[in-house]
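See structure below.
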Amino acid sequence: MKPTMILAGGSGFIGRHLIAAALPHYHVILLTRRIDGGEPTGVRPLTWQPRAAREKDEAALEQLAQALDGAHAVINLAGASIAKGRLGEAHQRRVTESRVDSTTTLLEAYRRAERPPKAWFQASAVGYYGDSGDSDLSEESAPGTDALARSCLAWEGAAAPLAEHTRLIIGRIGLVLAKNAPAWRMYLAPIRLGLGGRLGSGRQWYAWIDAGDLTRAILYLLENETCQGVYNLTTPGPVRQLELSRKAATRLHRPALLPAPAFALRLALGGLADAALLGSIKALPLRLEADGFAFEHADIDSELDKLLG
C-alpha cells in the first residue's frame with residue numbers, strides 16, 4: 001500500500017513536476033483553495049484555507065488535521081509568487097504573509113492530528129542569502145538583509161517549531177530550469193528576440209537546478225530518514241548571468257550583445273530586478289552531495305542542450 005503525501009502549493013510549476021514524480025510512489029492529496037477540475041490526474045484534491053490559523057477557523061483546521069492524520073509526509077510549497085509584482089512594500093507583505101499563513105495553518109493542523117506525518121519538506125529559496133557577490137554559500141552561511149531574504153527568514157521561522165516533533169527538511173531552492181518553467185521562459189524571451197546580453201554587471205552568479213533533479217532531490221530527502229535540516233537545492237555548477245545568456249543565445253542562433261543597465265531594470269521591475277536578476281547568489285549543494293544525492297543534470301551546457309535542442 002502506497003503511503004500518503006500532503007502537498008500544499010501544488011498547482012504551480014514545481015508542484016506539477018513533483019506530482020508527476022511522486023504519483024508512482026505515493027497517494028497524493030493536493031491542498032487547493034478551489035477545486036475546479038483542472039487538478040492533475042491521479043491526485044485527490046482537498047479544499048483548504050491557508051489563513052485558517054490566523055482567522056481561528058477551527059472547522060477548517062480540524063478538516064485539515066483529519067487529512068494529515070496518518071500521512072507519511074507533508075510538502076509545503078504554498079505562497080504568493082514574487083514574480084507577480086514589483087516587490088514594493090505591499091507586494092513584499094503579500095508574499096511574506098501568504099507563506100507564513102499557510103505554514104502556520106499546516107502547523108496548527110499538524111498539532112491536532114492523532115498520527116501526524118513523520119516528515120515535512122518546507123520550501124524556501126536561495127534568496128535567503130541575499131546578494132553575496134562571489135562568496136561560496138553553504139547551508140551555514142548567514143542570511144541577507146534585503147526583502148526576499150527577510151521573507152525567506154519568516155517562512156523558515158514559521159516552520160521551525162516542527163523540528164521538535166518531526167523530521168523537518170528546509171529546501172532553499174535556486175533558479176529552476178525546465179522548458180515550461182515560467183522564470184526561464186521570461187528570461188529567454190529577450191534572447192529569442194536578439195535582445196539578450198549583460199544584465200547589470202553580468203557577473204552575478206545564478207544558482208540553478210534542473211526541475212527533474214529538484215523533484216528527485218525532494219523525494220530523496222523525504223525517503224531517507226537520516227536527512228533533516230537545511231539543504232541548498234541547487235547544482236554544484238552555478239553560472240554567471242552573462243555566460244548563461246551567451247550560451248543560450250548561441251544555441252538559439254541569436255546575438256547576446258545588448259546590455260541592460262541595473263538602473264533601467266530597477267526602473268522597469270522595481271525591487272524584483274534585484275531579487276530575480278541582479279543579485280549574485282552562489283549557493284552550493286554541500287549537504288545534498290554529502291548525503292549521497294547524485295545529480296543527473298549538473299552541467300549548464302548539457303542542461304541548455306536539453307532545454308534548447
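Numbers at a glance
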item	result
Pair list, Cβ under 7 Å, 6 or more apart: segment 36-65 residue farther than 30 Å from P24 by Cβ and at pLDDT 95 or above, other residue among the aromatic types (F, W, Y) and buried (at least 16 other Cβ atoms within 10 Å of the Cβ)	A60/W48
Matching residues in segment 210-259 - criterion: being of a type in the set (D, E, K, R) and closer than 16 Å to E296 by Cβ	D210, D213, R216
Residue in segment 122-157 that is nearest to S102 (Cα to Cα), counting only those that are among the acidic types (D, E) and surrounded by fewer than 15 Cβ atoms within 10 Å (Cβ to Cβ)	E140
Within segment 233-259, considering residues that are in a loop (DSSP other than H, G, I, E, B) and among the polar types (S, T, N, Q), the one nearest to G127 (Cα to Cα)	T234
Residue list for segment 107-128, restricted to those being in a helix (DSSP H, G or I) and either without any contact (Cβ under 8 Å) to a residue 60 or more places away in the chain or touching a helix residue (DSSP H, G or I) at 6+ places or on another chain (Cβ under 7 Å) (or both)	L107, E108, A109, Y110, R111, R112, G127, Y128
Criterion violated by T250 - all others in (1) surrounded by 18 or more Cβ atoms within 10 Å (Cβ to Cβ); (2) polar (S, T, N, Q); (3) farther than 24 Å from S135 by Cα satisfied	(1)
E303 being touching a residue at least 12 places away in the same chain (Cβ under 8 Å), acidic (D, E) and closer than 29 Å to D146 by Cβ	yes
Boolean, A256 is farther than 30 Å from E164 by Cα, over 14 Å from the mean Cα position of the chain (by Cα) and either surrounded by fewer than 23 Cβ atoms within 10 Å (Cβ to Cβ) or among the small types (G, A, S) (or both)	yes
Residue under evaluation I19, criteria (1) over 29 Å from V126 (Cβ atoms); (2) in a helix (DSSP H, G or I), criterion not met	(1)
Selected residue (criterion: surrounded by the fewest Cβ atoms within 10 Å (Cβ to Cβ)) from residues of segment 72-118 that are over 19 Å from the mean Cα position of the chain (by Cα) and small (G, A, S)	A90
Extreme residue, surrounded by the fewest Cβ atoms within 10 Å (Cβ to Cβ), among residues of segment 18-35 that are touching a residue at least 60 places away in the same chain (Cβ under 8 Å) and farther than 21 Å from D69 by Cβ	A20
Answer residue from segment 158-191, given it is within 25 Å of E97 (Cβ to Cβ) and of a type in the set (V, I, T) and is farthest from the chain's Cα centre (by Cα) among those	T166
Check on A264, buried (at least 19 other Cβ atoms within 10 Å of the Cβ) and not aromatic (F, W, Y)	no
Residues being touching a helix residue (DSSP H, G or I) at 6+ places or on another chain (Cβ under 8 Å) and among the β-branched types (V, I, T) - total across segment 1-26	2
The lone exception for S280 - which of (1) at pLDDT 95 or above; (2) assigned to a helix (DSSP H, G or I) it fails	(2)
Filtered residue count, segment 48-84, keeping only those that are in a loop (DSSP other than H, G, I, E, B), more than 17 Å from S98 (Cβ to Cβ) and not acidic (D, E)	4
Criterion: in contact with a Cys (Cβ under 9 Å, 6 or more places away or on another chain) and among the aliphatic types (A, V, I, L, M) - qualifying residue of L221, L233	L221
Answer from D299, D274 - the residue that is at pLDDT below 95, closer than 24 Å to E139 by Cα and not hydroxyl-bearing (S, T, Y)	D274
Qualifying residues in segment 40-65 (those that are under 25 Å from L219 (Cβ atoms) and either polar (S, T, N, Q) or under 20 Å from the mean Cα position of the chain (by Cα) (or both)) - the one surrounded by the fewest Cβ atoms within 10 Å (Cβ to Cβ)	T41
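The values are calculated or read from the model by the stated rules, or taken from the named source; none is laboratory data. What you see is a predicted model, and the numbers here were worked out from it, not measured in a lab. A quick note on method: Cβ atoms are made from the backbone with ideal geometry, for glycine too, and the neighbour counts reach across all protein chains shown.
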